[in-house]
Amino acid sequence: MRKACTAVVVAAGSARRMQGIDKIMAQVGGVPMLLRTALALSESEKIDSVVIVTRADLVQEVRSLCAGLPKLQAVVPGGESRAQSVLRGLDAVDTPLTAIHDGARPLVTKDVIDAAVDAAERCGAAAPAVAVHDTIKVAKDGVVQATPDRSTLFAVQTPQVFHTEKIKAAILAALAKGLSLTDDCSAAEKAGMKVRLTQGSEENLKITVPSDLALADAVLKRRERA
């Protein structure tokens, strides 16, 4: 028997780099981005329910937008930081596994989702990733300090999947210590959990700046032609 998994969609940020565009409602292939993200997660048989965390001023609008989503469990207001928003989402989860996903990654595929959920069920924590193609420099005050071995570097994506109670405890512990978390895997790592990397996708874009919307539309058009 597989363990049930809830997807927590984190979409409570201010999108400061979007130049005034409310990105979670921005159209991606003619569909509001947040709805497209939730639909993508719902299409996976590994996802049993979906919890959406959004800005307090958008809760009612998001509930109306996603009312027809068959796996929707709850829409809850976020907190002051991403980690606090994740915790609010986790409070609505009642499954052994949780897949925490960026609301701004609407092009995630079933294969990427399923691989991460399967690995987390076995190992406790997993996240999709892709190899870094560029040479990376470590610099201080504009001066290069080191050049890491590119073969050991990976760009981590979402959904990041965990045993629910363990990731909740890890995030609470990190916040209590005042630690800075760049993603949910960071909390897991600081708690001593080993995170298994699974195959991500170059198309699993995170919409961060306005030009990313055009890239997402191009990916969708290519998929339609395939």
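Structure summary
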{"read-out": "Subset of region 79-102 that is closer than 16 Å to Thr37 by Cβ and of a type in the set (D, E, K, R) - its residue that is farthest from the chain's Cα centre (by Cα)", "value": "Arg82"}
{"read-out": "Unique match (being touching a residue at least 24 places away in the same chain (Cβ under 8 Å) and surrounded by fewer than 19 Cβ atoms within 10 Å (Cβ to Cβ)) among Lys177, Lys206", "value": "Lys206"}
{"read-out": "Residue list for region 37-67, filter: of a type in the set (Ser, Thr, Tyr) and buried (at least 24 other Cβ atoms within 10 Å of the Cβ)", "value": "Thr37, Thr54"}
{"read-out": "Top-ranked residue of region 165-212 - restricted to ones that are of a type in the set (Ser, Thr, Tyr) and under 15 Å from the mean Cα position of the chain (by Cα), ranked as farthest from Ala119 (Cα to Cα)", "value": "Thr208"}
{"read-out": "Some residue of region 25-36 being charged (D, E, K, R), over 27 Å from Gly124 (Cα atoms), crowded, with 20+ Cβ neighbours inside 10 Å and at pLDDT 95 or above", "value": "yes"}
{"read-out": "Sole residue being closer than 24 Å to Ala104 by Cβ, of a type in the set (Gly, Ala, Ser) and without any contact (Cβ under 8 Å) to a residue 24 or more places away in the chain, chosen from Ser201, Ser151, Ser186", "value": "Ser186"}
{"read-out": "Number of the condition not met by Ala169 [criteria: (1) out of contact with any Ser or Thr (no Cβ under 6 Å at 6 or more places or on another chain); (2) in contact (Cβ under 8 Å) with a residue 40 or more places away in the chain]", "value": "(2)"}
{"read-out": "Verdict on Val76 being modelled with pLDDT of 95 or more and over 15 Å from the mean Cα position of the chain (by Cα)", "value": "yes"}
{"read-out": "In region 87-114, the residues that are within 29 Å of Ala214 (Cβ to Cβ) and surrounded by 20 or more Cβ atoms within 10 Å (Cβ to Cβ)", "value": "Ala99, Ile100, His101, Asp102, Gly103, Ala104, Arg105, Pro106, Leu107, Val108, Val112, Ile113"}
{"read-out": "Hits in region 204-218 - residues which are assigned to a helix (DSSP H, G or I), closer than 15 Å to Val108 by Cβ and not charged (D, E, K, R)", "value": "Leu215, Ala216"}
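The rows are residues; the columns are (1) touching a strand residue (DSSP E or B) at 6+ places or on another chain (Cβ under 7 Å); (2) over 30 Å from Leu97 (Cβ atoms); (3) among the hydrophobic types (A, V, I, L, M, F, W, C).
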position: Val130; (1), (2), (3): yes, no, yes
position: Thr135; (1), (2), (3): no, yes, no
position: Pro148; (1), (2), (3): yes, yes, no
position: Phe154; (1), (2), (3): yes, no, yes
position: Thr164; (1), (2), (3): yes, no, no
position: Leu172; (1), (2), (3): no, no, yes
position: Ser186; (1), (2), (3): no, no, no
position: Thr198; (1), (2), (3): yes, no, no
position: Leu205; (1), (2), (3): no, no, yes
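The values are calculated or read from the model by the stated rules, or taken from the named source; none is laboratory data. Everything quoted here is computed from the prediction, not taken from an experiment. Backbone-built Cβ (ideal geometry, glycine too); neighbour counts: all protein chains shown.
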